[in-house]
1. Restrict the check to the range 57-78 and report whether at least one residue is out of contact with any helix residue (DSSP H, G or I) (no Cβ under 8 Å at 6 or more places or on another chain), of a type in the set (Ser, Thr, Tyr) and at pLDDT 95 or above.
2. Residues in the range 36-56 that are surrounded by fewer than 14 Cβ atoms within 10 Å (Cβ to Cβ), at pLDDT below 95, of a type in the set (D, E, K, R) and part of a helix (DSSP H, G or I): how many?
3. Can you tell me which residue is nearest to TRP17 (Cα to Cα) among those in the range 67-93 that are assigned to a helix (DSSP H, G or I), in contact with a Leu (Cβ under 8 Å, 6 or more places away or on another chain) and without any contact (Cβ under 8 Å) to a residue 60 or more places away in the chain?
Amino acid sequence: MNEENDKYLLKIYSKLWKNRIVEDSGGQENDVLREKIKAELLDENSHPRARKNRYEKFYLCIQRVHHSNLNDEEKSRMLSVYIEEMEKLAQTP
């Protein structure tokens, strides 16, 4: 991905999760975005006893994107990133 695309995707992510702080990474937007999505899929923001498995979280994230106010292109791009990250997680035990 290019830097401009990474900034755009991070901006879209910020629209989805308004209460999440997305810090300036000094040009590492792609890493920040993917780490945020990975943490979301692993439910790292929840108490350990309340955590859902990654497949439940993936479903909930996809639903959030689908039902958001993003335009179709933004939804498609975010869904692609979520799918890529989920595929990476599915390869690890």
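1. Yes: one or more hits.
2. Qualifying residue count, the range 36-56: 1.
3. Once the filter is applied, the top-ranked residue is TYR82.
The values are calculated or read from the model by the stated rules, or taken from the named source; none is laboratory data. For clarity, every value in this text was computed on a predicted model and none was experimentally measured. Heads up, the Cβs are rebuilt from the backbone with ideal geometry, glycines too, and the neighbour counts pull from every protein chain shown.
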